[in-house]
Amino acid sequence: MLTFVWLVVVVAGFFALAYIDAAGWLWSLGIALVLALGWSIHVIPAALALLFGVGLIVLAIPLNVPALRRSLVSDGVLAVFRRILPQMTATEREAIEAGTVGWDGDLFSGRPDWAKWLAVSAPSLSAEEKRFLDEECEVLCGMVSDWETTHIYRDLPPVVWQYIKDKGFLGMIIPREYGGLGFSAYAHSQIIAKLASRCSATVVTVMVPNSLGPGELLLHYGTDEQKRYYLPRLAKGLEIPCFALTNPYAGSDAAAIPDVGIVCMGEHQGKQILGLRLTWEKRYITLGPVATLLGLAFRALDPEHLLGKAEDLGITCALIPTGHPGVIIGRRHMPLNAVFQNGPNFGQNVFIPLDWVIGGRPMIGKGWRMLMESLAAGRSISLPSLSTGMAKMVVRATGGYARVRSQFNTSIGRFEGIEEPLARMGGYLYSMDALHQRVASAVDRGEKPAVISAIAKYHLTERGRSIINDAMDVAGGKGICLGPSNFLGAAYMQVPVSITVEGANILTRSLIIFGQGAIRCHPHVLKEIVAAHDEDRERASIAFDEAFFGHVGFALSNFARTLVLGLTGSHTAPAPDAAPETCRYYQQLTRFSAALAFLADVSMGVLGGALKRKEKLSARLGDVLSYLFLCSTVLKRYEDEGRQQADAPLMHWAIWDAMFKAQTALEGVISNFPNRIVAALMRRTVFPLGRPYVVPSDRLGHEVARLLIEPSATRDRLTAGMYLPKSETDVLGMIEAAMAATISAEPIEARIREAQKAGRFSVTVGEDRAAAAHLAGIINAEELGSVRRARRLLEQVVRVDDFAQDLGASEARPVGTAAPPATARREAA
């Protein structure tokens, strides 16, 4: 019995010390106490206890004295580590080290500090930013439509281009001192979301100059002279910028671009100067066909050593006026029937001065780091905000359509088959809005969220795709017939563009999120890698020793925490002072955070460099990190918005869905782990009592679907910030009016049906039942008008456009009673 008690003490002590990630001296003290206890109760013979005690002293002293520990242990490990560590190119290292680590680091630690996360202030707009959204942005949305730009103009109308330039839309990120609007990242994201809810060509035209491109790069890296000249011109729209990175043979592997610039002497403005002779071929360059200023990425080479000893200087970025001799702007691409300006450009032996390099001569070869750091900010805002804005329009319009469209005398939104996609749409949108707002506010706090921006780009564009696919299923024939009254067609066709650009989603998921996150977010891995590449042996020894033994403690701690939290159902995890209905979510997220850290360490330890090639495992580990971050933003939104109980179904659905998917990803890693013995141990550690999450319940999905088809403050909050036209001649305004009219007429229609069943009046086939009810005194004239208004609006909502057979697509005019083009509305106004 005493032996059993002693063994329990040993095991409990081990897990307790590991759980708190105890210091080395505490481990030594704990082992000494266990040995003393075993000797005192005669579980361990005196001689054996003495032998163990001597061994403890022999091991404890060197392991707790850093200088001895380095010479006896960590220097040898460092030598092995250097031999097995995969080679890292300069571009790989720059990509990994670019940006900053924020809440993603907490989630990777296994110990997220929820109080710190919830204490972050909610994003807000200044008075000027709000005014711009309510006025200039509202006016711009009213000037355009997807149908007009795509099928009539094949571009933005000239008056719209001029409005965008005059009102400063192209200079939102440029400081006021240079003539720009100087808006916050949060305001920038809200403007992009609102424009995206209206017209793809408009939002892309505004988005690109404020994302990765000459303006962003000039702000951070340009010389004072470059800033003074170009930034005011960019802010006023006197220059239209584009940035050319993608080569036909270097898409995802952008660092391998074959475009080159040879350092040489050449003639410029009648003088012989030192410069670069460029040869390039680019494609998919947004705003390229209309750009006046070309930002160009190329590899700088110095074969004659005119700048120094190195020949390959690295990726470099330069600014070139598109009118410069030798610059060829190609014809337009047509990306899935979207008409934002996009096309190729070329150059053969084009000579430019060194002064045209962004940042001047000192920044030659620094282009890849410039791009990686700037991409974190732009990717945090552009496509996440675009996808969220588009999703708001789709969700609100589809919810309204599902409310007014009926079959079998029932609104289709009340059928369970329709409730299922509606629930997905509502839950996904709630999480999308939470994520895109929090990432933008992180940029405002000075972060350059490299990993989080990849999470936002991947998951928000994918959720946007899911929402539009579900919406098309709900709309049926209404969604597949193009025309001014189709509110889904443009989004459905163009959503793959967002999936593809700024880092293709397959690449982002399988290589970047975990591949970069495991190194950047892990508290010790990057330090170990840096130490292994440090040529200063003494400094490397000290740094590696600290990182390595910190890593050992970190791994033991997360192993213990994962098992203990699994056995206790995470009830032992701390929870912040938050809403009672969310307390368990924080505890479960902490458990999954520990499990992620544990599986990541096991995967890196067992597979080593081979993990880089195990893209499916890497993708699943990245999914866990992504869903933990997604849940974090959902809970933060719920707190920031005052714990709106009416919104709770959206919050609960989003959490259950994401946590079930995180759980599935953990299971996917374990089930496919190459070493089956290790996999079995991982499963027993991560899921000792089974898996806690299932898919969101049908009851919860029913509640979410109801929120989309009924007018409410919740529905307004869910779609807040989108452009909502007030005119019934616009398809979205028409759906809103039809929804209100339908709800108003429903009790009147019910009374008419009851009266007819009771035999109080009768109608023949084809006769107006409401008119007959009015003649019979069942309803009054006002009620008859209400019913007729609802029916008239319903007829307009369900109608689809048709066209004269002899008209080409660009000249098409609807012959049905669809909404007139926006130009006609402007002229009428």
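Limited to the stretch 313-367, what total is found for residues that are open to solvent by less than 10 Å² (accessible area, probe 1.4 Å), among the β-branched types (Val, Ile, Thr) and under 18 Å from Gln226 (Cα atoms)?
5
Would you please list the contacts, defined by Cβ atoms under 8 Å and residues six or more apart or on different chains, that run from a residue in the stretch 771-790 that is in contact (Cβ under 8 Å) with a residue 12 or more places away in the chain to a residue that is surrounded by 20 or more Cβ atoms within 10 Å (Cβ to Cβ) and not in a helix (DSSP H, G or I)?
Note: pairs meeting the criteria are Ala773/Ile779; Val787/Ile779.
Of Ser374, Ser411, Ser387, which residue is open to solvent by less than 20 Å² (accessible area, probe 1.4 Å), under 19 Å from Gln494 (Cβ atoms) and in contact (Cβ under 8 Å) with a residue 40 or more places away in the chain?
Selected residue: Ser387, the only one of Ser374, Ser411, Ser387 that is open to solvent by less than 20 Å² (accessible area, probe 1.4 Å), under 19 Å from Gln494 (Cβ atoms) and in contact (Cβ under 8 Å) with a residue 40 or more places away in the chain.
Would you say Leu599 is at pLDDT 95 or above, hydrophobic (A, V, I, L, M, F, W, C) and more than 18 Å from Ala22 (Cα to Cα)? Break it down into steps so the answer makes sense when it comes.
Values: at pLDDT 95 or above: yes; hydrophobic (A, V, I, L, M, F, W, C): yes; more than 18 Å from Ala22 (Cα to Cα): yes.
Taking the combined requirement at face value, the residue satisfies it.
Residue check, Ile779 against (1) buried (at least 20 other Cβ atoms within 10 Å of the Cβ); (2) modelled with pLDDT of 95 or more, all met but one. Which one?
Single failed check for Ile779: (2).
Just a yes or no: is a residue in the stretch 619-628 closer than 26 Å to Glu528 by Cα, at pLDDT 95 or above and open to solvent by 30 Å² or more (accessible area, probe 1.4 Å)?
Within the stretch 619-628, one or more residues are closer than 26 Å to Glu528 by Cα, at pLDDT 95 or above and open to solvent by 30 Å² or more (accessible area, probe 1.4 Å).
Restricting to the stretch 666-690, and then to whatever is among the hydrophobic types (A, V, I, L, M, F, W, C) and within 21 Å of Leu589 (Cα to Cα), can you tell me which residue is most open to solvent (accessible area, probe 1.4 Å)?
Result: Leu689.
Restricting the search to the stretch 246-256, which residues are closer than 24 Å to Pro353 by Cα and either more than 26 Å from the chain's Cα centre (by Cα) or modelled with pLDDT of 90 or more (or both)?
The answer is Thr246, Asn247.
Here's the yes/no breakdown for (1) in a strand (DSSP E or B); (2) more than 14 Å from the chain's Cα centre (by Cα); (3) surrounded by 24 or more Cβ atoms within 10 Å (Cβ to Cβ):
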| position | (1), (2), (3) |
| --- | --- |
| Lys392 | no, yes, yes |
| Thr398 | no, yes, yes |
| Glu419 | no, yes, no |
| Ala423 | no, yes, yes |
| Tyr430 | no, no, yes |
| Ala440 | no, no, yes |
| Gly446 | no, yes, no |
| Val451 | no, no, yes |
| His459 | no, no, yes |
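Which ones in the stretch 760-798 are of a type in the set (S, T, N, Q), within 14 Å of Ala745 (Cβ to Cβ) and not in a helix (DSSP H, G or I)?
At the first step, the residues of the stretch 760-798 found to be of a type in the set (S, T, N, Q) are 762, 764, 780, 786, 796.
So of that shortlist, the ones also within 14 Å of Ala745 (Cβ to Cβ) come out as 780, 786.
Hit for the stretch 760-798 is Asn780, nothing else.
Kindly provide the set of residues from the stretch 609-631 that are part of a helix (DSSP H, G or I) and out of contact with any helix residue (DSSP H, G or I) (no Cβ under 6 Å at 6 or more places or on another chain), ordered by number.
Gly609, Ala610, Lys612, Arg613, Lys616
Filtering the stretch 104-120 down to residues that are more than 12 Å from His522 (Cα to Cα) and in a helix (DSSP H, G or I), which residue is most open to solvent (accessible area, probe 1.4 Å)?
Only one residue fits best here, namely Lys116.
Residues are listed down the side, and each one gets a yes or a no for (1) hydroxyl-bearing (Ser, Thr, Tyr); (2) under 23 Å from Val144 (Cβ atoms); (3) surrounded by 21 or more Cβ atoms within 10 Å (Cβ to Cβ):
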{"site": "Tyr723", "(1), (2), (3)": "yes, yes, yes"}
{"site": "Val731", "(1), (2), (3)": "no, yes, yes"}
{"site": "Ile752", "(1), (2), (3)": "no, no, yes"}
{"site": "Gly759", "(1), (2), (3)": "no, no, no"}
{"site": "Leu775", "(1), (2), (3)": "no, no, no"}
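Could you grab the pairs with beta carbons closer than 8 Å, sequence gap of 6+ or different chains, first residue in the stretch 575-598 and over 15 Å from Ser109 (Cα atoms), second one outside any helix (DSSP H, G or I)?
From residues that are over 15 Å from Ser109 (Cα atoms), the pairs are Ala579/Arg643; Cys583/Ala575; Arg584/Ser570; Arg584/Ala575.
Looking for whichever is in contact (Cβ under 8 Å) with a residue 40 or more places away in the chain and within 30 Å of Ala597 (Cα to Cα) here; the options are Met682, Met734. Which one fits? Before the answer, list the steps.
Working: Met734 fails: within 30 Å of Ala597 (Cα to Cα).
Selected residue: Met682, the only one of Met682, Met734 that is in contact (Cβ under 8 Å) with a residue 40 or more places away in the chain and within 30 Å of Ala597 (Cα to Cα).
Just give me the residues in the stretch 222-244 being in a helix (DSSP H, G or I), open to solvent by 40 Å² or more (accessible area, probe 1.4 Å) and among the hydrophobic types (A, V, I, L, M, F, W, C), in sequence order.
Residues satisfying the conditions do not exist here.
Restricting the first residue to the stretch 414-428 and requiring it to be under 18 Å from Asp716 (Cα atoms) and modelled with pLDDT of 95 or more, which pairs with a second residue that is among the hydrophobic types (A, V, I, L, M, F, W, C) and open to solvent by 30 Å² or more (accessible area, probe 1.4 Å) meet a Cβ separation below 7 Å and a spacing of at least six or different chains?
Gly426/Leu707
Every residue in the stretch 58-81 that is open to solvent by less than 40 Å² (accessible area, probe 1.4 Å) and more than 44 Å from the chain's Cα centre (by Cα), please.
Answer for the stretch 58-81, where residues must be open to solvent by less than 40 Å² (accessible area, probe 1.4 Å) and more than 44 Å from the chain's Cα centre (by Cα): Ala60, Pro62.
Quick check on His333: is it of a type outside the set (Gly, Ala, Ser), without any contact (Cβ under 8 Å) to a residue 40 or more places away in the chain and part of a loop (DSSP other than H, G, I, E, B)?
no
Would you please name the residue that is nearest to Val203 (Cα to Cα), looking only at residues in the stretch 704-759 that are among the β-branched types (Val, Ile, Thr) and in a loop (DSSP other than H, G, I, E, B)?
Thr719
Quick one: would you say Ala440 is touching a helix residue (DSSP H, G or I) at 6+ places or on another chain (Cβ under 9 Å), among the small types (Gly, Ala, Ser) and closer than 19 Å to Val203 by Cα?
Against the criterion (touching a helix residue (DSSP H, G or I) at 6+ places or on another chain (Cβ under 9 Å), among the small types (Gly, Ala, Ser) and closer than 19 Å to Val203 by Cα), Ala440 qualifies.
Could you check the stretch 562-615 and list, in sequence order, the residues that are open to solvent by 40 Å² or more (accessible area, probe 1.4 Å) and of a type in the set (Gly, Ala, Ser)?
Once the filter is applied, which keeps residues that are open to solvent by 40 Å² or more (accessible area, probe 1.4 Å) and of a type in the set (Gly, Ala, Ser), the stretch 562-615 yields Ala575, Gly605.
Filter the stretch 269-309 down to the residues that are surrounded by fewer than 18 Cβ atoms within 10 Å (Cβ to Cβ) and assigned to a strand (DSSP E or B), then identify the one that is nearest to the chain's Cα centre (by Cα).
Within the stretch 269-309, the match that is nearest to the chain's Cα centre (by Cα) is Arg283.
Filtering the stretch 708-748 down to residues that are of a type in the set (D, E, K, R) and more than 13 Å from Thr398 (Cβ to Cβ), which residue is nearest to the chain's Cα centre (by Cα)?
Of all residues in the stretch 708-748, those of a type in the set (D, E, K, R) come to 710, 715-717, 726, 728, 730, 736, 746.
Filter once more, keeping what is more than 13 Å from Thr398 (Cβ to Cβ): 710, 716-717, 726, 728, 730, 746.
On the way: Glu710: 29, Asp716: 23, Arg717: 20, Lys726: 31, Glu728: 34, Asp730: 31, Glu746: 41 Å.
Filtering the stretch 708-748 for residues that are of a type in the set (D, E, K, R) and more than 13 Å from Thr398 (Cβ to Cβ), the one nearest to the chain's Cα centre (by Cα) comes out as Arg717.
The values are calculated or read from the model by the stated rules, or taken from the named source; none is laboratory data. All values reported here derive from a predicted model rather than from experimental measurement. Neighbour counts run over all protein chains shown; Cβ positions are idealised from the backbone, glycine included. Each accessible area value is taken on the protein alone, full model and side chains, heavy atoms only, with ligands, DNA and RNA left out. Shrake-Rupley method; radii C 1.70, N 1.55, O 1.52, S 1.80 Å.
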